[in-house]
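Have a look at the structure below, then the notes.
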Amino acid sequence: MPHKLALLFFLLAVSCGEVIASQGKNLPNMILFIGDDISWNDFGCYGNAAARTPNIDALAGAGLRFGNAYLTASSCSPSRCSIITGRYPHNLGHAAELHGAMAWHLTQFPTLLRQAGYFTVLSGKHHMPQEKPPQGKSKQQPFEKMDPGRSSENSGGHANWVRHVRERPRDQPFFFWFAAYDAHRDWDGDEQWDQKKYGPLHRPEDVVVPPFLADTPATRDDLASYYNEVTRFDYYVGQVVAELRKQGELENTLILVMADNGRPFPRAKTRLHDSGMKTALVAHWPHGFSSAGQVCDSLVSSIDLAPTLLRLAGVEVSATMQGVDLAPLLADPAAKVRSYAFSEHNWHDYEAYGRSIRTRDLLYLINRRPNLAWQGPADSVRSPAHQDLRKLRDASELQPAQADVFLSPRAPEELYATTHDAYQLANLVDDPHYATPLSQLRRLLNRWQAETGDTVPEKPSRDQFDRETGEKILKPQEDFRGTTPGQERHAELINASGPR
């Protein structure tokens, strides 16, 4: 039976509730690899000729590469909490903001997989805190095993990945959440580099410098170290793939590779633009795909992963999940599962409030703190790349794309034709040719905010770091936290998804 037809029959069985426990041995194994702070176009299969990612490229070449996958937040913990619950950040409770805990009652999809008989493991970066449940209620335990994935020779989070694959119970399907610390600052890959494993270090003269960064020796060195982290992440993805192949499990294992947010450089991480919010998403599953090496340009959101994995496992999707099932795209990459993807920018080291809506061709965003620059998170501000931009600014030598890093006040609205403006540098809000789609996107974004319980905090969380230097400006005992978006409407209790 052709793979495509087999998958359609399997999805039909799932939708009818006909997948029973006796079929457990035929259910797909699943692995979600999450890179830390890696932009979508820093993998070779997404067109970066300088970054070496042969293992991820091979998965894409034999699987499915998504060309329009977007995160809900370009911020570590809100993004991860959003993925694991299938919910928008402002519908998570305090987890709408960096380091905040998600509401205790929200279902995490590995919990349901575990209850359905899957062996579940998290190895590497966690960063998904939960609120303490009320008295008499139990804390959710989505993973049977958890570890930080570090060793004395490897602090990248992937030290134990292969061991978990080897030591798993052989009579259960498995789900592994393998999350690297690569490529989060501060870099440790250079000093732990093993040329026999990873090949030569990246050369600064080979890196791709985007137009919003300064093309200086220090910035090129910074990017080369970042590329090294990406290559190390790729190596351990390859080691897991090799172990699965050795065990004969690769054919029936759905592998997903993505990142939680954009690279930790200016005009990337925390931004609503593609450099911050677009993610690589590579899927590999020989038993589930009709053919290899396809590109899916359909619009998808990171909140869609939770319902998708549950459906493929024959598990009922929780009513708390706001995403859509992507399984039709596995059978037909040209299918359409959603028309819009929404994202948000909340407090991450600095006060902020931004919202965006994407179609296949357009990006519209609003900024309710237009008096403040979008300079990026504190670790990026402390970076050589950011400090090189400061030097150019002080010398009045910034190019327009670079000046955007410091722009204040900013436009309260931005509109971009993303197919023609890959870096989103030409704001079309005042272009009369785009008046009609602009009006439609305004209306849809307002509707999404209203239906999902989003709010603009009157008392926002304050800056915790200096915007020029990235150094901490508040004492440990000072409370910088304010009201989180959605808190006033108890958005953590709202399950409506808004337009999709």
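So residue 326 fits all but one of (1) over 19 Å from the mean Cα position of the chain (by Cα); (2) assigned by TED's automatic domain parsing to the domain that holds residue 210; what number is the exception?
(1)
Which numbered condition trips up residue 252, out of (1) buried (at least 24 other Cβ atoms within 10 Å of the Cβ); (2) in contact with a strand residue (DSSP E or B) (Cβ under 9 Å, 6 or more places away or on another chain)?
All conditions pass for residue 252, except number (1).
Output the qualifying pairs, or none if there are none: Cβ atoms under 7 angstrom, residues six or more apart or on different chains, first residue in the range 58-84 and free of Cβ contacts under 8 Å to residues at least 60 places away in the same chain and polar (S, T, N, Q), second residue part of a helix (DSSP H, G or I) and crowded, with 24+ Cβ neighbours inside 10 Å.
Every condition considered, the pairs that remain are 77/95.
Could you say which residue among 177, 187, 193 is modelled with pLDDT under 95 and not polar (S, T, N, Q)? Lay out the reasoning, then the answer.
Values: 177 fails: modelled with pLDDT under 95; 193 fails: modelled with pLDDT under 95.
When all the criteria are applied, what remains is 187.
Condition test on residue 155, is it among the small types (Gly, Ala, Ser), closer than 30 Å to residue 405 by Cβ, surrounded by fewer than 18 Cβ atoms within 10 Å (Cβ to Cβ) and under 22 Å from the mean Cα position of the chain (by Cα)?
Considered against the rule, which asks whether it is among the small types (Gly, Ala, Ser), closer than 30 Å to residue 405 by Cβ, surrounded by fewer than 18 Cβ atoms within 10 Å (Cβ to Cβ) and under 22 Å from the mean Cα position of the chain (by Cα), residue 155 comes out as yes.
Please return the ranges of helices (runs of 4 or more DSSP H) entirely within the range 185-283 where 2 or more residues are in contact with a helix residue (DSSP H, G or I) (Cβ under 7 Å, 6 or more places away or on another chain) and touching a residue at least 12 places away in the same chain (Cβ under 8 Å).
Details: elements: 195-198, 217-247, 274-277.
The helices (runs of 4 or more DSSP H) meeting that bar are 195-198, 217-247.
Please indicate, with yes or no, whether at least one residue in the range 106-126 is touching a residue at least 40 places away in the same chain (Cβ under 8 Å), under 17 Å from residue 487 (Cα atoms) and assigned to a helix (DSSP H, G or I).
No, because not a single residue in the range 106-126 is touching a residue at least 40 places away in the same chain (Cβ under 8 Å), under 17 Å from residue 487 (Cα atoms) and assigned to a helix (DSSP H, G or I).
For residue 298, indicate whether it is more than 17 Å from residue 113 (Cβ to Cβ), more than 19 Å from the chain's Cα centre (by Cα), part of a loop (DSSP other than H, G, I, E, B) and of a type in the set (S, T, N, Q).
Taking the combined requirement at face value, the residue does not satisfy it.
It is to be established whether one or more residues within the range 33-44 are among the charged types (D, E, K, R), touching a Pro at 6+ places or on another chain (Cβ under 7 Å), closer than 25 Å to residue 275 by Cα and outside the structural domain of residue 362 (by TED's automatic domain parsing).
There is at least one residue in the range 33-44 that is among the charged types (D, E, K, R), touching a Pro at 6+ places or on another chain (Cβ under 7 Å), closer than 25 Å to residue 275 by Cα and outside the structural domain of residue 362 (by TED's automatic domain parsing).
Does residue 461 satisfy the criteria of being of a type in the set (Ser, Thr, Tyr) and in a helix (DSSP H, G or I)?
Criteria not met by residue 461.
If you scan the range 484-500, which residues turn out to be crowded, with 16+ Cβ neighbours inside 10 Å, part of a loop (DSSP other than H, G, I, E, B) and more than 22 Å from the chain's Cα centre (by Cα)?
494
Taking the conditions exactly as written (modelled with pLDDT under 95, loosely packed, with under 15 Cβ neighbours inside 10 Å, assigned to a loop (DSSP other than H, G, I, E, B) and of a type outside the set (S, T, N, Q)), does residue 134 satisfy them or not?
For residue 134, the condition - modelled with pLDDT under 95, loosely packed, with under 15 Cβ neighbours inside 10 Å, assigned to a loop (DSSP other than H, G, I, E, B) and of a type outside the set (S, T, N, Q) - is met.
Determine which member of the set 274, 260, 304 is touching a Cys at 6+ places or on another chain (Cβ under 6 Å), buried (at least 21 other Cβ atoms within 10 Å of the Cβ) and in the same structural domain as residue 221 (by TED's automatic domain parsing). Working first, answer last.
Details: 274 fails: touching a Cys at 6+ places or on another chain (Cβ under 6 Å); 304 fails: touching a Cys at 6+ places or on another chain (Cβ under 6 Å).
On inspection, the qualifying residue turns out to be 260.
Only residues that are out of contact with any strand residue (DSSP E or B) (no Cβ under 8 Å at 6 or more places or on another chain), closer than 22 Å to residue 246 by Cβ and of a type outside the set (D, E, K, R): list them for the range 165-199, please.
Answer for the range 165-199, where residues must be out of contact with any strand residue (DSSP E or B) (no Cβ under 8 Å at 6 or more places or on another chain), closer than 22 Å to residue 246 by Cβ and of a type outside the set (D, E, K, R): just 198.
The values are calculated or read from the model by the stated rules, or taken from the named source; none is laboratory data. Everything numeric in this text was worked out from a predicted model, so none of it was measured. Glycine gets a Cβ as well: all are built from the backbone with ideal geometry, and neighbour counts include every protein chain shown.
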